[in-house]
Every structure is written in C-alpha cells, then in structure tokens.
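All remarks here apply to the structure that follows.
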Amino acid sequence: MKVFAHRGASGNFPENTLSAIQGALVSQADGIEIDIQSCKDDFVVLHDIWLDRTTSGDGKVSDYTAAELAQFDAGQGEAIPSLQQVFDLVGTCLEINLELKTVPNIEGFIDLILRNLDDQTIRIEQLLISSFNHPLLKRVKELLPAVRIGALTSSIPLEYAKFAQDLNAFSLHVDREFINTDFVNDAKQRGLKVYAYTVDKQKDIEHLKSLGVDGVFSNYPCQAKIFSST
C-alpha cells in the first residue's frame, strides 16, 4: 500500500510548506500530495482560497502576486511556496500529487509542467494531477494526454467508479468514510487505482488494506508507512 504525505507531512509541520514537504522526503513516503491555487502571476501551494486560516495574510490568494504571498507567514516562519519551489526541492525523488483547487489559468499551469519536464527537473511518470473539478481534469488530460489524473469524490456515486473511468483517470481518490467493498471492486474492474483520504488511524489503514485499497493520504506518513506494512 502506498502512502502519500497529505499536504506534506502536515501532522508535524505547517501544511503545504517546504518544511512539510522536506518532512515527507525524510519519512520515505511514496509520494506527496499538495494543493495548488492560482495567484496573480503564478501557481502557489495552498489549500484554501482565503489566506486567513493557515497564513498571516488576509483576503484571497488570487488578489496577490507570488512575491507578495511569500511575505506572509504560513506557520512557524514558513513562506507560502510556489509550485516551482516544490519541483526544485523534490526533483525526481518521489511521486507528486498536485490537487488542483482554484486554477482558472489551466493552460499556464500546463506550460509550467512542460517546462519542468523539458529541463528534466521532474518526470511525467511521477506526476498525478487530481481534483474535485472534473471538467478541469478533463481539460488537463486534453492538454497533456500523457499525465495521470486522479478523480476525487466524497460520495458513493450511483454508478460507483464510472465517472473516473469516463475521465480516463488513473486513480480514484475517495473519502475514507465512503469506501466499501463494492466501490473498490467496481474501480478495480475498471482498471483504476483506489486511494483513500485522509487516513491516520492504524485500524483504518488495516481495514482499507483488507479491502484492496492501493494507497492512503496521511498527515503522518512515517507512522502510516509502519501501519501499512504490518
């Protein structure tokens, strides 16, 4: 079972910061999951549209440039990182799941990906782009057919994993509370990987593993790696 560090190793470090990502690297997680927002001139790593929950800033992310956002404290003196900073830090070390939040300039996002692929900072095989915004995922796949996409849901749809198959997704990302045997089996029959979020408890990890779930997103990746290997 794979373990993705949810927003980096966010149980021990400020979420979506370079220290949380470095913590994920140290924990030997199989991958990291980070959230992507558009700002005025770039793409930054932050979960919320509004700045006030996790940073010292006020207002919306889209109201600022990346340089302005970098002046805010994202926890313990950490800055809000740009996506480029994450690529530079992680390189080709492990999988990177980019969860798209509010990203209206999807063409610019794909251009950034392509530049990093061209200079070999990252590899296409390590990228997994996910979102609850399924039309946006469809557009990503049109612009960059080789990239893997993950379809997010926090429900059990009537036709189970059909929506993810229709998107030509690689994986189905499901709230752990909405995973059952039928859902997992349907996804597997459609050739999809099944990843569960957000999973920190040993009993939850053991249960999901018994269902055939392929991976989990955890705030404590080091601990989750131990639980998943038992």
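Tell me the per residue accessible area of region 1-153 using a 1.4 Å probe; a whole number in Å² is fine.
Working: 6240 Å² over 153 residues.
I get 41 Å² per residue for region 1-153.
Taking region 97-146, which trypsin sites (Lys or Arg not before Pro) meet the DSSP loop condition and have no more than 15 other C-beta atoms within 10 Å?
Values: sites: LYS101, ARG115, ARG123, LYS138, ARG139, LYS141; in loops: LYS101, ARG123.
Those that pass, being in a loop and sparsely packed, are ARG123.
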Carbon and sulfur atoms account, in whole percent of the 1.4 Å probe accessible area of the chain, for 49 percent
In deg cm²/dmol, rounded to the nearest 500, the helical mean residue ellipticity at 222 nm of the chain, built from -39500 (n - 2.57) for every DSSP H run of length 4 or more, is -9000 deg cm²/dmol
The chain, Gaussian network, Cα under 10 Å: of LEU18, LEU51, LEU152, the residue fluctuating most is LEU51
Rounded to two decimals, the Debye log10 I(q)/I(0) of region 1-99 (Cα scatterers, no solvent) at q = 0.10, 0.15, 0.17 Å⁻¹ is -0.23, -0.52, -0.66
Which residues qualify? For ASN16, with a placed amide H closer than 5 Å and at least 5 residues away or on another chain, they are GLY8
Within region 1-49, DSSP-loop trypsin sites (Lys or Arg not before Pro) with at most 14 other C-beta atoms within 10 Å are LYS40
Cα convex hull volume per residue for region 132-212, in Å³, equals 87 Å³
Set LYS2/LYS60; LYS101/LYS193; LYS2/LYS201; LYS60/LYS162, cut-off 24 Å on Cα-Cα distance; pairs above it are LYS2/LYS60; LYS60/LYS162
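I'd like the trypsin sites (Lys or Arg not before Pro) in region 182-230 restricted to DSSP loop residues with at most 15 other Cβ atoms within 10 Å, sorted by number.
Details: sites: LYS188, ARG190, LYS193, LYS201, LYS203, LYS209, LYS225; in loops: ARG190, LYS201.
Those satisfying the criteria are ARG190, LYS201.
Using a Förster radius of 35 Å, what is the FRET efficiency between ALA67 and ASP166 based on their Cβ-Cβ separation? Nearest 0.05, please.
After rounding to 0.05, the efficiency reads 0.30.
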Dimensionless Rg/Rh of the chain, both radii on Cα and Rh by Kirkwood, sits at 0.95
GNM of the chain, Cα pairs under 10 angstrom: of LEU211, LEU172, LEU137, the biggest fluctuation goes to LEU211
GNM on the chain, Cα springs under 10 Å; top mean-square fluctuation among GLN202, GLN165, GLN189 goes to GLN189
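How many percent of DSSP beta bridges within region 1-116 run antiparallel, rounded to 5?
Values: 5 of 14 bridges.
Antiparallel: roughly 35 percent of the beta bridges in region 1-116.
The values are calculated or read from the model by the stated rules, or taken from the named source; none is laboratory data. This one's a predicted model, so the numbers in the text were calculated from it and none came from an experiment. Note that each Cβ is placed from the backbone with ideal geometry, even for glycine, and that neighbours are counted across all protein chains shown. Ligands, DNA and RNA are excluded from the accessible area calculation, which covers all protein heavy atoms including side chains. Shrake-Rupley method; radii C 1.70, N 1.55, O 1.52, S 1.80 Å.
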